[in-house]
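The values are calculated or read from the model by the stated rules, or taken from the named source; none is laboratory data. Since we're looking at a predicted model, the values are computed, not measured. Neighbour counts run over all protein chains shown; Cβ positions are idealised from the backbone, glycine included.
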Amino acid sequence: MIRLTRPYFSDAEPAALAEVLASGMLIQGARVAAFETAVRDYLLGLGAPSEAPLRALAVSSGTTALELCLATTPRGVGAGDEVIVPSVTWPSPGNAVLLRNADAVLVDVDPSTWNLSPAEVARALTPRTRAIIAVDQFGVPAEVPALRALASDIDLIEDAACAIGSTLHGVPCGVLGDVGTYSFHPRKVVTTGEGGMVLTHDASRADRIAALRNHGQRAVGVFVGAGPNARLSELHAALGVLQMAKLDEMLSRRRSLAGAIRDAVALAWQGAPEGSTVNHQTLGFVLPTPAKGPYAGDRRAARDALVAALRESGVEAGILSYALHRLPQFAALGVNNVRRFPVADAVVDGGVAVPLHPGMSEEDAGVVIEQLKRHAGWAIGDRTVRL
């Protein structure tokens, strides 16, 4: 079976974990600091603005990173407030909003990039809007500058969980907004098993997040407020340091494999904004609704059948993402019941992810191409996401 994704480890990772265990220092030590420095320096080298110092703060997960961002918005987020969230994403961004007793206002996505549509965001803004969470879907940069132009006084949180190494107009994803986040889950380009990071040029906000992640401590025994335990362990950070050292290698491999598969099979692959480079964290496409055959008129059934056929052929395909407006915690909000989300429905019902990771060989890519041509031949050449 050609796996959908797989962490890119070597013998160095187990050795690094053994060193941490032998040291006896397991939490928030030198390796966490080294991981933060590695990420910060990589972003600066990639083109991150340097007018103000960039802070990188390691935390326990990408979800926790989002929660800390919302906890430190300049105008506050609480009951009665609204935060705009894309309708296609993992539930974490929306859940983080609900956990602050605010309303997650869902907005439809662009049919090419599957990211927030600035035009739809403009229609969703109200005086209650306190923040916009712009997700870089599967590593494709969201149009953050266009979103910023809509509302300069609204906190713009870039959920770059999937997008380390991607850029927009020469600026790395993660530092396009007021504050950004990464995830280091096993499906991500850089993985520490679990883990996340907050990125910001705002020194005051960085200090608040640094205290919040450690029970609200500014220094040992100096508590400045209530905060969770959101620290990253030394074990996770030791993996992160090694992963950052080979990030360019992993990105080069991903881009080469993705290019070969996309060029060989003319499906409706995810697009990207002009001026962007993409890390190809996930390689996915959207099926059209079949006009004939056993699944005529039923996009989801056709998608499920294709995923099953690919898996039976040794290619571990999967679905792309989730439509938040269909999940009960978001559907319960009246603001999400007065609009439709046709693009989100199409992407979620027709979305297919196929294997892509640095450990794949050219032969593996060839098998993916062969099986896509065999089982998705009816969709090849139709590159539109019809609603």
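Structural remarks
- Condition met for Ala134 (part of a loop (DSSP other than H, G, I, E, B) and either of a type in the set (Gly, Ala, Ser) or assigned by TED's automatic domain parsing to the domain that holds Ala258 (or both)): no
- Scanning region 148-178 for residues that are more than 16 Å from Ala206 (Cα to Cα) and β-branched (Val, Ile, Thr), we see that the one that is surrounded by the most Cβ atoms within 10 Å (Cβ to Cβ) is Ile164.
- Residue count for region 55-68 under the criterion of being of a type outside the set (Gly, Ala, Ser) and either in a strand (DSSP E or B) or closer than 19 Å to Leu168 by Cβ (or both): the result is 3.
- Residue within region 190-198 that is free of Cβ contacts under 8 Å to residues at least 12 places away in the same chain and either part of a strand (DSSP E or B) or surrounded by 24 or more Cβ atoms within 10 Å (Cβ to Cβ) (or both) present: no
- Among the conditions (1) over 20 Å from Met244 (Cβ atoms); (2) of a type outside the set (Phe, Trp, Tyr); (3) in a loop (DSSP other than H, G, I, E, B), Pro145 misses just one, which is (3).
- Where His280 falls short, out of the listed (1) over 20 Å from Val85 (Cβ atoms); (2) in contact with an Asp or Glu (Cβ under 9 Å, 6 or more places away or on another chain); (3) in a loop (DSSP other than H, G, I, E, B): (2)
- If you check Arg123, Arg100 for being of a type in the set (Lys, Arg) and not in a loop (DSSP other than H, G, I, E, B), only one passes: Arg123.
- Considering residues of region 249-275 that are charged (D, E, K, R) and in contact (Cβ under 8 Å) with a residue 60 or more places away in the chain only, the residue surrounded by the fewest Cβ atoms within 10 Å (Cβ to Cβ): Glu249
- Those residues of region 11-30 which are in contact (Cβ under 8 Å) with a residue 12 or more places away in the chain and not in a helix (DSSP H, G or I), in sequence order: Met25, Leu26, Ile27, Gln28, Gly29
- Among (1) surrounded by fewer than 17 Cβ atoms within 10 Å (Cβ to Cβ); (2) closer than 30 Å to Ala376 by Cα; (3) not small (Gly, Ala, Ser) - the single one Asn229 does not satisfy: (2)
- Among residues of region 190-224 being touching a Lys or Arg at 6+ places or on another chain (Cβ under 7 Å) and of a type in the set (Val, Ile, Thr), the one that is nearest to Leu68 (Cα to Cα) is Thr200.
- Pick from region 33-54, criterion small (Gly, Ala, Ser) and within 12 Å of Val171 (Cβ to Cβ), ranking: surrounded by the most Cβ atoms within 10 Å (Cβ to Cβ): Ala48
- Listing of helices (runs of 4 or more DSSP H) fully contained in region 286-387 that carry 2 or more residues being under 28 Å from Arg254 (Cα atoms) and out of contact with any Cys (no Cβ under 8 Å at 6 or more places or on another chain): 299-312, 342-350, 362-375
- The selection criterion, being basic (Lys, Arg), crowded, with 24+ Cβ neighbours inside 10 Å, under 27 Å from Gly94 (Cα atoms) and not assigned by TED's automatic domain parsing to the domain that holds Glu362, does not hold for Arg208.
- Test result for Asp349, among the acidic types (Asp, Glu), closer than 21 Å to Tyr295 by Cα and touching a residue at least 40 places away in the same chain (Cβ under 8 Å): yes
- Only one of Ser204, Ser252 that is assigned to a helix (DSSP H, G or I), of a type in the set (Ser, Thr, Tyr), closer than 30 Å to Ser112 by Cα and at pLDDT 95 or above: Ser252
- Filter result for Asn95 (within 17 Å of the chain's Cα centre (by Cα) and either assigned to a helix (DSSP H, G or I) or not hydrophobic (A, V, I, L, M, F, W, C) (or both)): yes
- Checked against (1) surrounded by fewer than 17 Cβ atoms within 10 Å (Cβ to Cβ); (2) in contact (Cβ under 8 Å) with a residue 60 or more places away in the chain, Ser60 meets all criteria but (1).
- Pick from region 175-204, criterion touching a helix residue (DSSP H, G or I) at 6+ places or on another chain (Cβ under 9 Å) and hydroxyl-bearing (Ser, Thr, Tyr), ranking: nearest to Leu17 (Cα to Cα): Thr192
- Scanning region 232-248 for residues that are under 30 Å from Val368 (Cβ atoms) and surrounded by 18 or more Cβ atoms within 10 Å (Cβ to Cβ) yields a count of 6.
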